[in-house]
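Only the coordinates and a few stated rules stand behind these numbers; no lab work does. These numbers come from a predicted model, not from an experiment. Every residue, glycine as well, gets a Cβ built from its backbone with ideal geometry; the counts of neighbours run over all protein chains shown.
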Amino acid sequence: MTDLTSNTPRRGSGGRRRSAEFHFYFVLIFLLALPFATVRWARDVMTFRTLDLRGPLARAWAEADRTTPLIFSA
């Protein structure tokens, strides 16, 4: 049986280091998603009559965060 109490395995740093190319595409997609996210946010504000929604920056950031890894996985 292995004794892990004295020499515990090290944990990884968490995630992969993202390259400059990844950041370039992320910024590009973020800037393209920003006008569409703003229109969607304004429409939702008028529909639900509340400002208690995620703003356009958060929506565009989430869209870029979902889309950019898809480019690098292909």
With the calculation restricted to Cα positions, what are the radius of gyration and Dmax of segment 20-73 in angstrom?
-> 12.7, 40
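How high is the relative contact order of segment 20-73, given as a whole-number percent (alpha carbon pairs under 8 Å, six or more residues apart)? Display every interim value, and only then the final one.
On the way: 36 pairs, mean separation 26.9, N = 54.
Answer for segment 20-73 is 50 percent.
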Mind listing the phi-derived Karplus ³J(HN,Hα) values for segment 16-22, rounded to whole Hz, using 6.51, -1.76 and 1.60 with θ = phi - 60°, and x for any glycine or proline?
-> 6, 7, 8, 7, 5, 5, 4
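Give, rounded to the nearest 20 debye, the magnitude of the charge dipole that segment 20-73 has about its Cα centre when Lys and Arg contribute +1 at Cβ and Asp and Glu contribute -1 at Cβ.
Details: 6 positive and 5 negative charges, 50 e Å.
It works out to roughly 240 debye.
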Note down the nm distance, to one decimal, between modelled labels 7 Å out along Cα→Cβ at Arg49 and at Ala74.
-> 4.4
